[in-house]
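*Asks:* Mind having a look at this structure? Questions to follow.
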Amino acid sequence: MTPATSRAPHAQVAIVGDGVGALITWGVLRAAGLAATDMVVFGDAPAPLARLERCATAIEQRRMRSEGQGHLRPLDTPRLAWVELWRRRTLWPLWLALWQRYTPPLDLLLDDTRAWAEQSGFWQQRVPTRIAAVERSALNRFVLRDQQQELVGSARHVVLALGYPGLAWPAALCAWRQHPCVQHAYAEHQFSAADHVVVIGGGMAAAHLWSAALQRGAQVTALHRHPLRRQFLNAPRCTFSAVGLDAYQQLEPAQRRQFFANLGAASFPWRLSWEWQRWQAQRSGRFQSRTDRVVALAEPSPGHLCLSLASGATLAATKVICATGFEQNMLRHTLIAGLVERYGVPQRDGRLLVADDCTLPQLSQPASICGAVGVLSRWALPIADTFMGMKYAARRLQPLLMQTQAG
Ligand SMILES: Cc1cc2nc3c(=O)[nH]c(=O)nc-3n(C[C@H](O)[C@H](O)[C@H](O)COP(=O)(O)OP(=O)(O)OC[C@H]3O[C@@H](n4cnc5c(N)ncnc54)[C@H](O)[C@@H]3O)c2cc1C
């Protein structure tokens, strides 16, 4: 137990992280009646959607993958479809929403989120600090330390909404990350007709980058470890349903691990414009798709790369883009590694084994809990790193976070 000092501000709820998960949790607690002044948010982002916006802009994503209710406000209304209907004076968004085929424009989501963060008092309660440690200090009390181990706050309850700890790279390319011709999908890109671009990965980011490179006349090779998969959402729709979630939460740990293994590889939605563009490019020899794995990279001459593949084949390229998503090992978060070490929070292969109510029992007390939303709570619900998943986690935690009684 760390002795508490009176200087650090005390809150009912401290939210560590200031991104999507933090704003969603904030909104659910505000809607449940918790005052903005009873909460504090710690984070260093310039805006709640800063990371998402940066990534989406890098892959030239202009429409989200989720649907009308894919916004950060607490209620599940197809709000964005209505707003777009009004903005564009067309019924089309609502018609698509009826068939669960509406996807909101990124700029609409950004505007709506910015307005909600202001309206709900999120920004006013944010402290622009990264938290390095969360410690149980006394009955019903946590203390939070910054990267200089200074005490920056205390709270009855803590919610961890940290997101991913970083970007994921293919093992064979880790040593090439600084090379000008090797980039991650979420970094800025320039493509030209002189380029032969190899995009590694088979998900949403890869599909956007195939399209962006083809649009600029480049030759594109899609390199992916598993056969390409088309799927409207980033997980089977049943996993977004109460029935699907109940079925998942009945599974034993070994079955859950198998479930994650079966959840399978990345996927991207079927879009007529993409299918047509790739079909035309394939016919003119500018697009090919290969199921294989890169095992080594070489640069026989400046600006000319050669990828060695697991099948023994090689691939020439002028640019290699790793659309390989985010680091999945949550222990890469210093804060999480500290909780695992100090409080024995269980983890397996870098995934936190949170309880199904999204709490961390090893740190929680009957009236003072530590919970997690976003990718940190994926063990409790496989769709945790989606807007819908974060709303589910925040709603499960809400009654626990509203507790004020002694004991
Ligand atoms: C391009 C892209 C498109 C996506 N589209 C969709 C979509 O359409 N629908 C959907 O449901 N999901 C979508 N997602 C998935 C998901 O919603 C996002 O990844 C979302 O940003 C995750 O929110 P988060 O709060 O977990 O993490 P983030 O948004 O990354 O926020 C975490 C924040 O916490 C801060 N932080 C981290 N550690 C600390 C610390 N120790 N102390 C203080 N602050 C800290 C970070 O700096 C960051 O600001 C998309 C993701 C990407 C990348």
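Only the coordinates and a few stated rules stand behind these numbers; no lab work does. This is a predicted model, so every value here is computed, not measured. Because the Cβ atoms are built from the backbone with ideal geometry, glycine has one as well, and the counts that use them run over all protein chains shown.
*Asks:* Can you tell me which of 10-18, 269-277, 30-38 comes out highest on packing, and rank the rest after it, using the mean Cβ neighbours within 10 Å?
*Replies:* For the peptides 10-18, 269-277, 30-38, the packing ranking is 10-18, 30-38, 269-277.
*Asks:* Separation of the stretch 375-404 and the stretch 299-323 by C-alpha centroid, Å?
*Replies:* Here the answer is 42 Å between Cα centres.
*Asks:* Related question: Nothing charged except the Cβ atoms of Lys and Arg (+1) and of Asp and Glu (-1): what's the magnitude of the dipole of the stretch 185-328 about its Cα centre? Round to the nearest 20 debye.
*Replies:* 380 debye
*Asks:* Report the far tail of the P(r) of the stretch 254-314, meaning the percent of Cα-Cα pairs longer than 16 Å.
*Replies:* 70 percent
*Asks:* Under the rule of at least 5 residues apart or a separate chain, name every residue whose amide H is placed under 5 Å from the amide H of residue 126.
*Replies:* For residue 126, the qualifying residues are 41.
*Asks:* A further question on this structure: Mind listing the Cα extents of the stretch 1-140 along all three principal axes, in Å, largest one first?
*Replies:* Taking max minus min along each principal axis of the Cα atoms, the stretch 1-140 gives 59, 34, 22 Å.
*Asks:* Taking amide H positions as placed in the peptide plane 1.01 Å from N, state which residues far from residue 380 in sequence (5 or more) or on other chains have amide H under 5 Å from it.
*Replies:* 354
*Asks:* Follow-up. What length, rounded to one decimal in nm, is gained on full extension from residue 326 through to residue 44, with 0.36 nm per residue of separation minus their alpha-carbon distance?
*Replies:* Length difference between fully extended and current span is 99.6 nm.
*Asks:* As I understand it, the dipole of the chain uses +1 on the Cβ of Lys and Arg and -1 on the Cβ of Asp and Glu, about the Cα centre. Which of 92, 265, 223 lies farthest toward its positive end?
*Replies:* 92
*Asks:* Report, to the nearest 10°, how far helix 272-283 tilts away from the longest principal axis of the Cα atoms in the chain, using its own Cα long axis and a range of 0 to 90°.
*Replies:* Its long axis makes an angle of about 30 degrees.
*Asks:* Now, a different point. Place a +1 charge on the Cβ of each Lys and Arg in the stretch 338-400 and a -1 charge on the Cβ of each Asp and Glu, then give the dipole magnitude about the Cα centre in debye, rounded to the nearest 20.
*Replies:* Charge dipole, the stretch 338-400, about its Cα centre: 100 debye, nearest 20.
*Asks:* Given R₀ = 45 Å, what would the calculated FRET efficiency be for residue 179 paired with residue 261, taking r from the Cβ atoms and rounding to 0.05?
*Replies:* Efficiency, rounded to the nearest 0.05: 0.90.
*Asks:* Would you mind calculating the gained length between residue 314 and residue 54 on full extension (0.36 nm times residue separation, minus the Cα-Cα distance), in nm to one decimal?
*Replies:* Here the segment from residue 314 to residue 54 would lengthen by 90.3 nm.
*Asks:* Given the peptides 281-292, 366-377, 93-104, arrange them by the average over their residues of other C-beta atoms within 10 Å, most packed first.
*Replies:* Final packing ranking: 366-377, 93-104, 281-292.
*Asks:* Something else: Helix 79-88: angle to the longest alpha-carbon principal axis of the chain, degrees 0 to 90, nearest 10?
*Replies:* 50 degrees
*Asks:* Also: What are the ³J(HN,Hα) couplings of the stretch 313-329, residue after residue, when phi is run through the Karplus curve with 6.51, -1.76, 1.60 and θ = phi - 60°? Round to Hz, x for glycine and proline.
*Replies:* Here the 3J(HN,Hα) series is 6, 10, 9, 8, 7, 9, 9, 10, 10, 9, 8, 10, x, 10, 4, 9, 7 Hz.
*Asks:* Further question: Give the relative contact order (percent, whole number) for the chain; include only Cα pairs under 8 Å separated by 6+ residues.
*Replies:* Once normalised by length, the contact order is 20 percent.
*Asks:* Please list the non-local residues whose amide H lies under 5 Å from the amide H of residue 297, H modeled 1.01 Å from N, same-chain partners needing a gap of 5 or more.
*Replies:* Under 5 Å from the amide H of residue 297: 308.
*Asks:* Roughly how far apart, in whole Å, are the Cα centres of the stretch 262-294 and the stretch 335-349?
*Replies:* Between the Cα centres of the stretch 262-294 and the stretch 335-349 lies a distance of 39 Å.
*Asks:* Classify the stretch 196-303 as rounded, prolate or oblate from the Cα gyration tensor: take a ≥ b ≥ c as the square roots of its eigenvalues, call it rounded if a/c is under 1.5, otherwise prolate when a/b beats b/c and oblate if not.
*Replies:* Because a/c hits 1.5 or more and a/b fails to exceed b/c, the stretch 196-303 counts as oblate.
*Asks:* Assign unit charges at the C-beta atoms only (+1 for Lys and Arg, -1 for Asp and Glu), then state the dipole size of the chain relative to its Cα centre in Debye, rounded to the nearest 20.
*Replies:* Roughly 680 debye for the chain.
*Asks:* Dividing the convex hull volume of the Cα atoms of the chain by its residue count, what figure in Å³ per residue is obtained?
*Replies:* So the per-residue hull volume is 151 Å³.
*Asks:* Could you work out the local net charge near residue 366, counting Lys and Arg as +1, Asp and Glu as -1, over the other residues with Cβ closer than 14 Å to its Cβ?
*Replies:* Cβ neighbours under 14 Å give a net charge of +2.
*Asks:* Could you tell me the largest-minus-smallest coordinate of the C-alpha atoms of the stretch 6-76 on each of the three principal axes, in descending order and whole angstroms?
*Replies:* Between the extreme Cα coordinates on each principal axis of the stretch 6-76 lie 48, 27, 11 Å.
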